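Beneath this line is the structure, given in structure tokens, with notes to follow.
The values are calculated or read from the model by the stated rules, or taken from the named source; none is laboratory data. Note that the structure is a prediction, hence the values are computed from the model and not measured. Here Cβ is always computed from backbone atoms with ideal geometry, including for glycine, and neighbour counts include all displayed protein chains. Surface areas here come from the heavy atoms of the whole protein model, side chains and all, with no ligands, DNA or RNA. Shrake-Rupley method; radii C 1.70, N 1.55, O 1.52, S 1.80 Å.
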Amino acid sequence: MRIFLALALSTVFMAGSLWAEEAQKQNQPPEGFVAMFNGKDLSGWHGLGHMDPYKLKAMSEADRKKFLDEQEKSFQEHWRVDNGELVNDGHGAYATTDKEYKSFEMLIDYKTVAKADSGIYLRATPQVQIWDTTEAGGKWSIGADKGSGSLWNNQKAGNRALVLADKPFGEWNHFRILMKGENVSVWLNDQLVVDNVPMENYWDRSKSILEQGPIQLQTHGGEIRWRNIFIRELEN
């Protein structure tokens, strides 16, 4: 009887795990989170490259519209949805959330290729870094050997990952990013790589980081795929 019960419980557990895994594949958020990407189309996202938000705001309405229209054209040309994954070909404007965020917890999976260089902009600010961490990638001199996940554009702290946690090319990596006020913690594949570090204002280092802004998925140098993009907004 005990053996039967143990087997039954084991079967239930395995079924639950498989269901959870399948739900993740279908971009279904865990409890308390909402999906930022629906796995079907580009809804909720638009195109915007590496752009100083202060300069964007200072543009005339006509110039801003022209610029954003060009960015959107680039976004539509270089981004697509494939098998429930948000895919970029390594070129074009960055995928940028229509919504702006303050404090949040974000979950996101990515898979990239050799020689690619990418990242995640927080509140329109670069960035949680994604590297080719191999010597062949050619960027050990600027920190790639330390691993992905660092706040690479910081000058004071957090610009090198605490541990090398990247998986080999062809495998999915998982980020958990916690941004509370100015402070950011990053886990890559369940390993802490940034520990509660203030994110600096890349655009104007005399100021604190923007109070709110969009999240951007950077494109640079090679195909990158994203899935299971979830967020939970927090009180500041």
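A few points about this structure:
- Among the residues of the stretch 208-236, those identified as open to solvent by less than 10 Å² (accessible area, probe 1.4 Å) and assigned to a strand (DSSP E or B) are Gly213, Gln216, Leu217, Ile224, Trp226, Asn228, Ile229, Phe230, Ile231.
- Residue within the stretch 62-74 that is free of Cβ contacts under 8 Å to residues at least 12 places away in the same chain and touching a helix residue (DSSP H, G or I) at 6+ places or on another chain (Cβ under 7 Å) present: yes
- The stretch 157-170 residues that are modelled with pLDDT of 95 or more, paired with ones that are among the aliphatic types (A, V, I, L, M) and assigned to a loop (DSSP other than H, G, I, E, B) (beta carbon under 8 Å, 6 or more apart): Gly158/Met199
- Residues that are within 17 Å of the chain's Cα centre (by Cα) and of a type in the set (A, V, I, L, M, F, W, C) within the stretch 145-167 comprise Leu151, Trp152, Ala161, Ala165, listed in sequence order.
- Ala136, sole failed condition from (1) modelled with pLDDT under 95; (2) on the phi > 0 side of the Ramachandran plot; (3) outside any loop (DSSP other than H, G, I, E, B): (2)
- Selected residue [crowded, with 16+ Cβ neighbours inside 10 Å, in contact (Cβ under 8 Å) with a residue 60 or more places away in the chain and more than 22 Å from Asn189 (Cβ to Cβ)] from Thr112, Thr97: Thr97
- When residues of the stretch 141-153 are limited to those that are closer than 10 Å to Gln129 by Cβ and of a type outside the set (A, V, I, L, M, F, W, C), the one surrounded by the most Cβ atoms within 10 Å (Cβ to Cβ): Gly149
- Residue-level check: of (1) outside any loop (DSSP other than H, G, I, E, B); (2) touching a Gly at 6+ places or on another chain (Cβ under 6 Å), Val184 misses just (2).
- Against the list (1) within 16 Å of Pro214 (Cα to Cα); (2) surrounded by fewer than 15 Cβ atoms within 10 Å (Cβ to Cβ); (3) not hydrophobic (A, V, I, L, M, F, W, C), the condition Gly49 fails is (2).
- Being more than 24 Å from Leu234 (Cβ to Cβ) and at pLDDT 95 or above is a condition met by at least one residue of the stretch 193-204.
- Matching residues in the stretch 65-81 - criterion: being of a type in the set (Asp, Glu) and open to solvent by less than 60 Å² (accessible area, probe 1.4 Å): Glu72
- Considering the stretch 194-216, the residues that are under 18 Å from the mean Cα position of the chain (by Cα) and of a type in the set (D, E, K, R) include one that is nearest to Tyr94 (Cα to Cα), namely Glu200.
- Restricted to the stretch 191-207, and to residues there that are outside any strand (DSSP E or B) and open to solvent by less than 20 Å² (accessible area, probe 1.4 Å), the residue that is nearest to Lys111 (Cα to Cα) is Met199.
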